[in-house]
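What follows is a single structure, written as structure tokens, with notes after it.
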Amino acid sequence: MIHRFRLDIDAATWQNWYRGAARRVRVRTEAGLIVEFPAERLLPFVAHDGIHGRFELSSDDDNRFRDLRRLPDRHA
């Protein structure tokens, strides 16, 4: 299953999460579903200003995490 969502997490918030304030991230997908996954899966996407952009999370038939990737932003 594919889930798409947008994240805008500033650097200070991410640092708190990384230090243990949050182990899991909950997001509302573009389809309106709530999806939860380990915060550590966001590590490859951390920039100096935090984590920003559209993402696509794929899961297997048992809703187990498979992959997370950043998507190009949609243009208005």
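The values are calculated or read from the model by the stated rules, or taken from the named source; none is laboratory data. A quick note: this is a predicted structure, and the numbers were derived from the prediction, not measured. FYI the Cβ positions are ideal-geometry reconstructions off the backbone, even for glycines, and counts take in every protein chain you see.
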Looking for whichever is at pLDDT below 95, of a type in the set (A, V, I, L, M) and more than 14 Å from the chain's Cα centre (by Cα) here; the options are Ala31, Ala39, Ala76, Ala22. Which one fits? Ala76
Output yes when any residue across the stretch 48-71 is at positive phi, under 13 Å from the mean Cα position of the chain (by Cα) and not hydroxyl-bearing (Ser, Thr, Tyr), and no when none is. yes
Does the stretch 41-54 contain at least one residue that is of a type in the set (Gly, Ala, Ser), without any contact (Cβ under 8 Å) to a residue 60 or more places away in the chain and farther than 21 Å from Pro72 by Cβ? no
Test each condition in (1) closer than 20 Å to Leu71 by Cα; (2) free of Cβ contacts under 8 Å to residues at least 40 places away in the same chain for Arg24 and report the one that comes out false. (1)
